[in-house]
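Remarks on the structure that follows.
Quick note: the coordinates plus some simple rules give every number you see, no bench work behind them. Values in this document were obtained by computation on a predicted structure and should not be read as measured data. Heads up, the Cβs are rebuilt from the backbone with ideal geometry, glycines too, and the neighbour counts pull from every protein chain shown.
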Amino acid sequence: MLQHKAFKFRIYPSHVQIMQLRKTLGCCRFVFNHLLSKWSQIYQATGKGLSYNACASQLPDMKREWSWLKEVDSIALQSAVRNLADGYQRHFNKQNERPRFKSRKHPVQSYTTRYTNGNIAVKGNRLQLPKLGWVPYAKSREIEGRILSATVRLAPSGK
């Protein structure tokens, strides 16, 4: 039987990697909030929201309009869209409240990227992440199995 297992490690990025992480967090938050406002406007006007495919098809247009969205991991932006679509699907199934806008001042910020074409790898005590390169991490145990995704979380302390 297949089992999914999560591992949590502390990473030690360089100053340049920290800036890239913060850019990625900000861009994911921007994409989420921008599409959330569009979704709300369309829902109020027509009574129907957008689908994941409708939102994901707007990402290339958003990258043309705001060129700084090209500097971050595209899979992380797609994950932000997927989280929004999942939030609305849960809302309409009466499992959750309506999705809310993400705040820069929230104490914990995160983004998720999926494994595609070897973009996430582990070698020794370093972890390779998309657009970040090799990042040292505190290796407390061996990673078993294959990597499906990686979530980078910024704690309130900045770690």
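General remarks:
- P(r) tail for the chain: Cα pairs beyond 20 Å make up 56% of the total.
- When both segment 109-154 and segment 73-104 are represented by their alpha-carbon centers, they are found 23 Å apart.
- With respect to the chain, whose longest principal axis is taken over its alpha-carbon atoms, helix 15-46 is tilted by about 20°.
- Protection proxy ranking of 36-48, 119-131, by the mean of other Cβ atoms within 10 Å over each peptide's residues and highest first, is 119-131, 36-48.
- Rounded to 10°, Cα long-axis angle of helix 74-92 versus longest principal axis of the chain: 50
- Per-residue [θ]222 nm for the chain (sum of -39500 (n - 2.57) over DSSP H runs n ≥ 4, rounded to 500): -13000 deg cm²/dmol
- Label separation (Met62 vs Ser14): 3.0 nm, computed from points 7 Å beyond Cα along the C-beta direction.
- Rel. contact order, % - alpha carbon contacts under 8 angstrom, at least six apart, the chain: 29
- Cut-off 14 Å between beta-carbons: net charge of the residues surrounding Glu97, Lys and Arg +1, Asp and Glu -1: +3
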